[in-house]
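Data block below; observations after.
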Amino acid sequence: MGVPLVQRRLLVVDPCDDCHGLLPGLRTAGWDVDSCALQSVGERSCDVGLLRLQPYHLERPEAVKELISRSGTEWIAVLSQDVLRLQNVGDFVCEWFFDFHTLPFDVARVQVTLGRAFGMARLRGKGHTPVDEGHELLGDSRPIRELRKLLSKLAPTESPVLIRGDSGTGKELVAKTLHRQSQRHAKPFVAINCGAIPEHLIQSELFGHEKGAFTGAHQRKVGRIEAAHGGTLFLDEIGDLPMELQANLLRFLQEKQVERVGGSQPIPVDVRVLAATHVDLEAAVAKGSFREDLYYRLNVLQVVTAPLRDRHGDVAMLANHFSRFYSQETGRRPRSFSEDALVAMGQHLWPGNVRELANRVRRGLVLAEGRQIEAADLGLVGEQAISPPMATLEDYKHRAERQALCDVLNRHSDNLSVAARVLGISRPTFYRLLHKHQIR
Ligand SMILES: Nc1ncnc2c1ncn2[C@@H]1O[C@H](COP(=O)(O)OP(=O)(O)OP(=O)(O)O)[C@@H](O)[C@H]1O
Ligand SMILES: [Mg+2]
């Protein structure tokens, strides 16, 4: 009966009398309408939001910004003539809202505006998911899906896990995920960056010390290993641990007890040990800078995080995630990306991996002047101009093929049949190429 098949949920916040007259018409048009006051939005989710903007919203705009950033969807402002006259209302609405509507309501026009906002929210893949706390391993590429599956199997075990991968690929996030999904999740997660603590402090930092153990030890200090009791100990950059400490750590792993510097009593400690490295530990063992016995102790189970260039299909969704995530920090509305920005992100090789992507999006969000983040805002303009060194024709063909796959996935990662059609190849050929380039 003309009612759309897709459910479209509209949340009307701080509705006014005129709004109430509008709602039955929207319901008839297929909108599933809910309304509430700003303070009671809580965890309600929606596909599109409508906010009747009042002078008090502009006096204390934080609540509105928080609502819009958290909801992760598009919002329409409803403005009375009085509100329109207020100072700064224009800037505020342009920055934070998808569109606006001035009173009195024109039902047909409202419906068009809401429909566009809904389409835009869908296109950006935002819809129902509110912004998470940034602890989730996001991505839909094959390496990430396999990683999530592997972690769900490893998390409940008590074995040490060695996490390997390039810088910025999410090793620490993997460690936190293993802890969160383990029996130990309610106990501490203690991370130690073995490369960042000065060598003379590391012994007492890890194992603690008793009062008077050395000059300057004015009081007893509980070491980080002990602080992790019952929980998970994450030894980051384990390859940087000095040789002497490697011996102490090994002893701890074997005996499951620590001795504070200057102490005489061993203290039993129950922790699960996770370690991460971006260096080649086997090479370090071979050249004698890493103990082989410690290597075998830590390397019981292994997880490898993939570089972002091998899962280009995740770039656009991660970029949207960071745009929403950083909008709260930067005080700017989450923005989508222009076509040029998406292409530039598809072409970039991401040597700094997800961390680089997060940083570029944060910068882009701050610099963006228009509705969308442009390639220039991300610092990705003119990349193609810096030509790589000459290579064989075969290399050029290989690169071009990979580029085509990345570009098409940036636009059609949710529909591989369409992606194959856009490239003018069959689905099996498309899958074969994805496999060949190890994408998704
Ligand atoms: N799959 C992912 N989904 C969402 N955020 C991610 C993902 N992978 C990494 N990140 C984010 O990217 C940033 C870098 O991740 P992380 O610190 O875990 O990397 P790392 O491998 O430990 O890097 P480094 O070797 O430089 O220490 C973090 O902000 C993290 O939350
Ligand atoms: Mg790290």
request  = Could you tally the net charge around His20, taking each other residue with its Cβ under 15 Å from the Cβ of His20, Lys/Arg +1 and Asp/Glu -1?
outcome  = -2
note = Net charge near Ala420 (other residues with Cβ under 12 Å of its Cβ; Lys, Arg +1; Asp, Glu -1) is +3
task = Could you provide, to the nearest whole Å², the per residue accessible area of segment 8-123 with probe 1.4 Å?
result = 47 Å²
request  = Run down the lysines and flag those whose C-alpha is under 16 Å from the C-alpha of Lys221, throwing out any fewer than 8 positions away in its chain.
outcome  = Lys211
key: Asp32-Arg109 FRET efficiency (beta carbon distance; Förster radius 22 Å; 0.05 resolution)   = 0.60
inquiry  = Assuming 0.36 nm per residue, please report the length gained on full extension of the stretch Ser426 to Ala391 beyond their Cα-Cα distance.
reply    = 9.7 nm
remark   = For segment 1-115, the dipole about the Cα centre with charges only on Cβ (Lys and Arg +1, Asp and Glu -1), to the nearest 20 debye, works out at 220 debye
task = May I ask which residue of Pro242, Ala155, Leu22 lies farthest towards the positive end of the charge dipole of the chain, with charges of +1 (Lys, Arg) and -1 (Asp, Glu) on Cβ and the Cα centre as origin?
result = Ala155
query = Taking all protein chains as present, what is the carbon and sulfur share of the accessible area of the chain, in % to the nearest whole number, probe 1.4 Å?
reply = 52 percent
query = With each pseudo-label sitting 7 Å past Cα toward Cβ, what's the Val300-Ile267 distance in nm, one decimal?
reply = 2.3 nm
Glu59/Met120 FRET efficiency (R0 30 Å; Cβ-Cβ; nearest 0.05) = 0.55
query = Could you give me the ³J(HN,Hα) list for segment 56-71, computed from phi with Karplus coefficients 6.51, -1.76, 1.60 and θ = phi - 60°, whole Hz, x at Gly and Pro?
reply = 5, 5, 7, 5, 10, x, 4, 5, 5, 4, 4, 4, 5, 5, 5, 5
note = Among Pro55, Ala77, Gln111, the residue whose Cα sits farthest towards the positive end of the charge dipole of segment 8-123, when +1 is placed on the Cβ of each Lys and Arg and -1 on the Cβ of each Asp and Glu, is Gln111
note = In nm, the gap between the two label points placed 7 Å beyond Cα toward Cβ at Thr157 and Thr102 is 6.7 nm
query = Tell me, in nm to one decimal, what length is gained between Asp18 and Val279 on full extension, where the rule is 0.36 nm per residue of separation less the Cα-Cα distance?
reply = 87.6 nm
note = Result for segment 308-385: accessible area per residue, probe 1.4 angstrom, in square angstrom, of 40 Å²
message = Given an 8 Å cut-off on Cα distances and at least 6 residues of separation, report the relative contact order of the chain as a percent.
response = 14 percent
inquiry  = I need the calculated FRET efficiency for the pair Asn88 and Arg399, taking r as the beta carbon distance and R₀ as 51 Å, to the nearest 0.05.
reply    = 0.55
note = Given the candidates Gln347, Thr429, Asn88, the one whose Cα lies deepest towards the positive end of the charge dipole of the chain, counting +1 at each Lys or Arg C-beta and -1 at each Asp or Glu C-beta, is Thr429
task = Evaluate the relative contact order of segment 308-385 (contact order divided by residue number), counting alpha-carbon pairs under 8 angstrom at least 6 apart; express in whole percent.
result = 35 percent
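The values are calculated or read from the model by the stated rules, or taken from the named source; none is laboratory data. Here the structure is a predicted model, which is why all the values come from computation and not from measurement. Cβ atoms come from the backbone with ideal geometry, glycine included; neighbour counts cover every protein chain shown. The accessibility values were calculated without ligands, DNA or RNA, using every heavy atom of the protein model including side chains. Shrake-Rupley method; radii C 1.70, N 1.55, O 1.52, S 1.80 Å.
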